[in-house]
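The values are calculated or read from the model by the stated rules, or taken from the named source; none is laboratory data. Just so you know, these numbers come straight off a predicted model, no measurement behind them. Cβ sites come from the backbone with ideal geometry, for glycine too, and all protein chains shown count toward neighbours.
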Amino acid sequence: MGIFSRFTDIINSNINSILDKAEDPAKMVRLIIQEMEDTLVEVRSSSARTLADKKDLVRQIERFEKEVTDWQAKAELALSKDREDLARAALMEKKKCAENAESLNNELNNIEDHIAKLQEDISQLQDKLSDAKNRQKAILIREKTAQSRLKVKKNINTEKVNDALGRFDQYERKIDDIESQVESYDIGGKSLSDEISELETNESVDNELAELKAKLNKTE
């Protein structure tokens, strides 16, 4: 495929449409970017050669235009010396130079039009290249995020995790049983603090009972 054929295909391509149809968008973006960069290098090289050709044409045109002026001056000199034959010959040379200059000017106009269109196409390609690179960054980020989420999802749904959670439940039930056994030993048993508190309570009740008896005895 030639430079300009491939270049035109890329310029006219819809990157979003290509990516939508691609099985591996990240890979497709890399290929598109590589193709664009390669084409940009080739087209710029071609553009540089065309600019060099333009400069050469300008030099040739300037030379022919100078010769037109020179032959005009020679024709005038010959005629002033009554050498009409030489004047005629000089005017013939002048005419040839003028025709050559005109032909080269037409070619120069075509080259300038070609360069202008080429620069416009290069600008479009650069815009598309920038778009593709931005898309590439977004796709790579999305791909990494998706891969991370997929890994998490696989770990969440794995049988090992479910088995481990089931074992946690079993361990918790065993600990509950052990704690229940400990609590059962505490039922009916009194600590030193409990016994002392009980004595204090009994003494208070006894004192209150004695006061009540004394009160009743006085009333009798």
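Among the residues of the range 64-92, write down those that are surrounded by 14 or more Cβ atoms within 10 Å (Cβ to Cβ) and either under 30 Å from Glu112 (Cβ atoms) or outside the structural domain of Ala116 (by TED's automatic domain parsing) (or both).
The answer is Phe64, Glu65, Glu67, Val68, Asp70, Trp71, Gln72.
Could we say that Ala146 is in a helix (DSSP H, G or I) and modelled with pLDDT of 75 or more here?
Spelling it out, Ala146 is indeed in a helix (DSSP H, G or I) and modelled with pLDDT of 75 or more.
Of all residues in the range 15-49, which are part of a loop (DSSP other than H, G, I, E, B) and at pLDDT below 60?
Ala22
Show the residue pairs that are 6+ apart or on different chains and have beta-carbon atoms under 9 Å apart, the first residue being within the range 126-137 and touching a residue at least 24 places away in the same chain (Cβ under 8 Å) and in the same structural domain as Lys27 (by TED's automatic domain parsing), the second being surrounded by 14 or more Cβ atoms within 10 Å (Cβ to Cβ) and polar (S, T, N, Q).
Pairs found: Lys128/Ser13.
So which residues in the range 51-68 are within 26 Å of Ala90 (Cα to Cα) and of a type in the set (A, V, I, L, M)?
Of everything in the range 51-68, those that are within 26 Å of Ala90 (Cα to Cα) and of a type in the set (A, V, I, L, M) turn out to be Leu57, Val58, Ile61, Val68.
Report the residue count in the range 63-90 for those that are over 26 Å from Asn105 (Cα atoms) and hydrophobic (A, V, I, L, M, F, W, C).
Of the residues in the range 63-90, 5 are over 26 Å from Asn105 (Cα atoms) and hydrophobic (A, V, I, L, M, F, W, C).
Please verify whether the range 149-156 includes one or more residues that are under 60 Å from the mean Cα position of the chain (by Cα), modelled with pLDDT under 75, surrounded by fewer than 10 Cβ atoms within 10 Å (Cβ to Cβ) and hydrophobic (A, V, I, L, M, F, W, C).
Yes, that holds for at least one residue.
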